[in-house]
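A short worksheet on the structure shown next.
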Amino acid sequence: MTDALAAGADLLDAVLSDARRRLAGSPRERLGDWAHTRRLLGFGRAPRIVPVGEAWHVGVLLIADAEVYAAGEILRARTEAVRGYTAEAQRARSERAAAAARGGFADGEVLHLDATWIDLDAVRHGAVSGPLALVDGIPLVTWTTAGARRPLADYLDDQLSLR
């Protein structure tokens with residue numbers, strides 16, 4: 001590992017540690033994933049989204065105690081009810097919210113579905129993982145769909161100042 005990469009890796013760890021320190025005591029949101037359903041007597045269960053962890057939601061990142069994830073879809077769990085929809089996408093989103101309620105999330109609870117694990121070791125060695133990269137020894141985050149990058153420390157400062 002070159003000196004720039006080593007310094008950048010140390011900076012990445014310091015920035016994330018500082019963010020965790022600043023977030024301590026603030027509420028976390030739970031992560032969810034689709035449960036693999038078993039068939040019982042030939043009948044399948046309704047799809048469920050079950051809790052798999054928790055993290056602080058900070059912009060495009062979900063920061064857990066040891067891991068960092070790229071945020072996926074944000075849902076609010078709600079019990080299933082008959083509703084009329086004008087769009088199929090709206091119906092599908094409602095079905096995912098009901099699956100979360102069936103999986104153990106409280107009615108109205110916010111959850112993150114399909115969060116992508118970020119390989120921090122790969123980032124420390126100069127690779128890109130999710131929205132994080134190490135360029136010229138500076139940890140960067142891609143925070144827009146257009147691909148705009150900015151220093152991770154500045155991004156986290158801005159996001160945490162909004163809390």
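Structure notes:
- With only the Cα atoms considered, the chain has a convex hull volume of 149 Å³ per residue.
- Rounded percent of accessible protein surface that carbon and sulfur make up, segment 1-134, 1.4 Å probe: 53
- In the chain, helices alone account for a calculated mean residue ellipticity at 222 nm of -10000 deg cm²/dmol, with every DSSP H run of four or more residues adding -39,500 (n - 2.57).
- Accessible area per residue in Å² at 1.4 Å probe, computed on segment 1-136: 57
- Within segment 107-150, backbone nitrogen closer than 16 Å to the virtual label 7 Å beyond the Cα of Asp3 toward Cβ: 136-138
- Overall dimensions of segment 95-163 by Cα: Rg and Dmax, Å: 16.1, 47
The values are calculated or read from the model by the stated rules, or taken from the named source; none is laboratory data. A quick note: this is a predicted structure, and the numbers were derived from the prediction, not measured. Using ideal geometry, Cβ is built from the backbone for each residue, glycine included, and neighbour counts are taken over all protein chains shown. Ligands, DNA and RNA are stripped out before the accessible areas are found, and what is left, the full protein with its side chains, is counted by its heavy atoms. Shrake-Rupley method; radii C 1.70, N 1.55, O 1.52, S 1.80 Å.
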